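Trainee: Have a look at this one before I ask anything.
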Amino acid sequence: MPPKSDLPQGTLDVLILKVVALGPVHGYAIAQRLQQVSRDVVQVPQGSLYPALHRLENRSLLKADWKDTDTGREAKFYSLTRKGRKHLEAETADWQRLTEAIALILGLSEKGLAEGGAE
């Protein structure tokens with residue numbers, strides 16, 4: 001099993017928004033999807049997940065409705081608001097820019113640096 005990863009500040013919010021953008025989902029299912037898609041690298045404890053969901057709801061990025069789950073229990077199902085979708089698009093673009101820049105930096109070789117790269 002791969003080691004779990006500590007997420008940089010603010011990362012959990014954008015990951016939650018991305019999962020919710022795929023369709024209405026309850027909190028436990030969000031945590032499961034993040035863990036599954038990340039191949040067990042991203043494991044979000046309830047003590048982090050639910051405060052993040054409340055924070056996103058308070059910022060009007062998510063809305064919640066009570067519905068029955070597949071098991072017949074009632075749970076809050078979260079969906080993205082228009083504001084949440086715009087926020088997700090902006091955050092995704094920022095993350096893509098940042099990860100591309102980091103990939104360029106990590107791809108530097110000492111040989112390439114010595115042959116006239118940045119000093």
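The values are calculated or read from the model by the stated rules, or taken from the named source; none is laboratory data. Here the structure is a predicted model, which is why all the values come from computation and not from measurement. No Cβ is skipped: glycine too gets one built from the backbone with ideal geometry, and neighbour counts run over all protein chains shown.
Trainee: Does Leu17 qualify as being of a type outside the set (S, T, N, Q), surrounded by 13 or more Cβ atoms within 10 Å (Cβ to Cβ) and within 13 Å of the chain's Cα centre (by Cα)?
Mentor: Answer is yes for this residue.
Trainee: Moving on. If we scan region 56-67, do we find a residue that is at pLDDT 95 or above and among the basic types (Lys, Arg)?
Mentor: Checking region 56-67: at least one residue is at pLDDT 95 or above and among the basic types (Lys, Arg).
Trainee: Could you please tell me which pairs satisfy a Cβ distance under 9 Å, a separation of 6+ or placement on different chains, a first residue in region 76-103 that is more than 24 Å from Tyr28 (Cα to Cα), and a second residue that is part of a helix (DSSP H, G or I) and modelled with pLDDT under 95?
Mentor: Trp95/Thr11
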